[in-house]
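Right, one structure below, let's go through it.
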Amino acid sequence: MLINLLIISLVTVLFVTLSRKRVYVQFFAQIFFLVQVAFATWAVLNQGTTTLTYFTLDTLGVAYYVLMALVGWICCWQSSRYLDKESLRECKIYLVSLIALNVALTGVYFANDITVTWIFLEATTLAAAGLTYHRRTMRSLEATWKYIFVSSAGIAVAYLGILLLSTVSASGAAADLSYAALTQAIASGAGNPLYIKLAFLFILVGYSSKVEVFPFCTVGVDANHSAPTPASAFISSALVGGGFVAVFRVWKTMQGAAALASWTGHVLLLVGGLSLLMAAVYLGRTKNLKRLASYSTVENSGLMMLGLGIGGLGVWAAVLHSLAHTLIKGSFMLQISVVGKMYGSYKAARNGGYFRADPLGALVLVCCLIALIAMPPSVLFRTEYLILTGLLDKGLWWVFVPAALLLVAVIYWLCVKLLPLVSRPADLSRINREARNPLLSAVLLLLVLLTFAAGVWQAPELVRLVDTIVY
């Protein structure tokens with residue numbers, strides 16, 4: 001089935017490239033994303049299937065793929081309205097890059113071998129670069145080169161980690177780098193513990209630009225700022241989810257050995273804490289709504305790392321946090337794309353009166369803000385509560401206190417810079433009301449309300465889903 005999806009992707013790209021009318025370009029792109037939704041349904045019904053040797057439709061990959069298919073289709077739909085003034089050539093490059101990013105992420109989600117994951121993560125760099133350079137400005141050029149250089153350097157560092165892991169073999173023969181084989185080998189005590197620790201450190205640093213945590217998170221923020229906002233929504237949700245999947249799979253291979261599990265936990269606590277610090281500092285400095293949303297991603301990814309670092313229920317919370325963040329951040333960024341189109345600017349200080357100009361869209365923004373700052377009934381309140389109480393249970397006061405203070409700072413800056421947009425008096429005559437998209441806002445509101453429902457009542461199906469991923 002993956003071969004069929006790849007063939008459909010190539011055919012779609014061909015039709016998009018050869019089409020001479022904008023309506024046909026958008027039509028074929030929509031067809032691709034509808035096929036993705038159909039494949040997501042098939043994947044749900046065929047979980048556990050291994051195809052092409054290197055890909056397994058496990059619960060972790062299927063869950064993120066379903067979310068990617070949903071967010072990707074909405075992003076493609078909004079892109080057709082957002083990019084209404086682009087030339088036909090620019091539209092083609094944008095949609096081909098978006099399709100390529102989807103295909104690369106599909107490989108990341110389903111890969112059962114660490115080298116295959118590495119290959120597809122590098123492919124996401126090239127596809128995301130095409131989206132980042134869409135505007136063809138000096139700023140977008142700078143952001144694109146930074147993203148390519150730093151992400152590729154990170155991927156090279158991660159490859160060093162994979163080379164170190166290749167020394168691990170339970171039988172002493174040529175190393176099998178599938179995640180299952182690595183888990184078994186590490187649990188049996190094979191390999192040099194120092195090499196394995198260095199491997200995890202190199203891989204975590206290398207993948208940090210994808211999951212958007214310290215140290216390479218800033219290139220992801222710059223890419224989100226320069227890319228068209230619907231593409232930024234996809235990068236901040238699906239691509240960050242892909243980075244989390246890659247880190248989670250490597251982390252899980254280390255849990256069979258107590259000493260390695262403890263060491264990786266301390267590394268993740270450090271990375272998570274530094275990510276929260278960066279988010280809190282830069283949220284206070286930024287005046288751009290897109291960068292505000294991007295640094296919020298850094299904060300949430302830092303919390304995911306803290307959850308993995310403490311283990312136990314923290315891991316459960318980290319996985320649920322990541323899944324919910326994919327929907328919330330995608331919805332948030334897509335609604336911001338409407339704001340930017342209406343006001344012609346993403347400068348937080350220049351805009352206001354959004355509740356009067358677009359009541360439904362403003363309601364979506366407020367709900368997303370409630371969700372992101374983890375205020376009840378947001379499901380992120382439940383996950384952050386589990387992570388913070390997990391720190392206390394482990395006696396990690398030295399992490400809990402600064403993390404709690406940094407979260408307060410994050411909440412303060414998000415509220416201070418977003419609430420005036422909806423409540424501040426403003427001259428509405430300069431606002432382009434035709435850019436409103438009530439149907440999009442209604443869909444996004446439904447997605448955010450679903451995360452609220454998960455915060456109030458955790459359905460048995462959701463609990464089983466996360467349990468299956470974690471345990």
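The values are calculated or read from the model by the stated rules, or taken from the named source; none is laboratory data. All values reported here derive from a predicted model rather than from experimental measurement. Neighbour counts are summed over all protein chains in view; Cβ atoms, including those assigned to glycine, are modelled from backbone coordinates with ideal geometry. Protein only, heavy atoms only, side chains kept; ligands, DNA and RNA dropped before computing areas. Shrake-Rupley method; radii C 1.70, N 1.55, O 1.52, S 1.80 Å.
If I filter region 52-67 for residues that are at pLDDT below 95, surrounded by fewer than 19 Cβ atoms within 10 Å (Cβ to Cβ) and not hydrophobic (A, V, I, L, M, F, W, C), do I get at least one hit? So far as region 52-67 goes, yes, one or more of its residues are at pLDDT below 95, surrounded by fewer than 19 Cβ atoms within 10 Å (Cβ to Cβ) and not hydrophobic (A, V, I, L, M, F, W, C). Among the candidates S188, S226, S237, the residue that is closer than 25 Å to R81 by Cβ and more than 14 Å from the chain's Cα centre (by Cα) is uniquely S226.
Taking the condition of being under 23 Å from the mean Cα position of the chain (by Cα) and open to solvent by 10 Å² or more (accessible area, probe 1.4 Å), how many residues in region 375-391 meet it?
First, the residues of region 375-391 that are under 23 Å from the mean Cα position of the chain (by Cα): 375-388.
With open to solvent by 10 Å² or more (accessible area, probe 1.4 Å) added as a condition, the list becomes 375-377, 381-382, 384-386, 388.
Residues that pass the stated criteria total 9.
Within region 411-430, the set of residues being open to solvent by 70 Å² or more (accessible area, probe 1.4 Å), touching a helix residue (DSSP H, G or I) at 6+ places or on another chain (Cβ under 9 Å) and either polar (S, T, N, Q) or under 16 Å from C368 (Cα atoms) (or both) comprises Y412, W413, L419, S423. With respect to the conditions (1) of a type in the set (S, T, Y); (2) buried (at least 20 other Cβ atoms within 10 Å of the Cβ); (3) modelled with pLDDT under 95, T137 falls short on a single one, namely (2).
Considering only region 431-454, state which residues are open to solvent by 30 Å² or more (accessible area, probe 1.4 Å), more than 14 Å from I370 (Cα to Cα), touching a residue at least 60 places away in the same chain (Cβ under 8 Å) and part of a helix (DSSP H, G or I). Hits for region 431-454 are R433, P438, A442, V443.
Pairing each residue of region 222-236 that is under 18 Å from I99 (Cβ atoms) and without any contact (Cβ under 8 Å) to a residue 24 or more places away in the chain with any residue that is open to solvent by less than 10 Å² (accessible area, probe 1.4 Å) and acidic (D, E), provided the two are 6+ apart or on different chains, yields no C-beta distance under 9 Å.
Take the residues of region 244-303 that are in a helix (DSSP H, G or I) and of a type in the set (K, R): which is modelled with the lowest pLDDT? Top of the filtered list is R285.
Residues of region 291-326 that are touching a Leu at 6+ places or on another chain (Cβ under 8 Å) and within 26 Å of R433 (Cα to Cα): L292 alone. Those helices (runs of 4 or more DSSP H) of region 320-428 in which 1 or more residues are in contact with a Gly (Cβ under 6 Å, 6 or more places away or on another chain) and either in contact (Cβ under 8 Å) with a residue 40 or more places away in the chain or among the basic types (K, R) (or both) occupy 379-393, 397-423.
Selection within region 325-364: residues that are at pLDDT 95 or above and open to solvent by 10 Å² or more (accessible area, probe 1.4 Å). The member of this set that is nearest to R464 (Cα to Cα) is L327. What about R285, is it free of Cβ contacts under 8 Å to residues at least 40 places away in the same chain and either of a type outside the set (A, V, I, L, M) or in contact with a His (Cβ under 7 Å, 6 or more places away or on another chain) (or both)? Spelling it out, R285 is indeed free of Cβ contacts under 8 Å to residues at least 40 places away in the same chain and either of a type outside the set (A, V, I, L, M) or in contact with a His (Cβ under 7 Å, 6 or more places away or on another chain) (or both).
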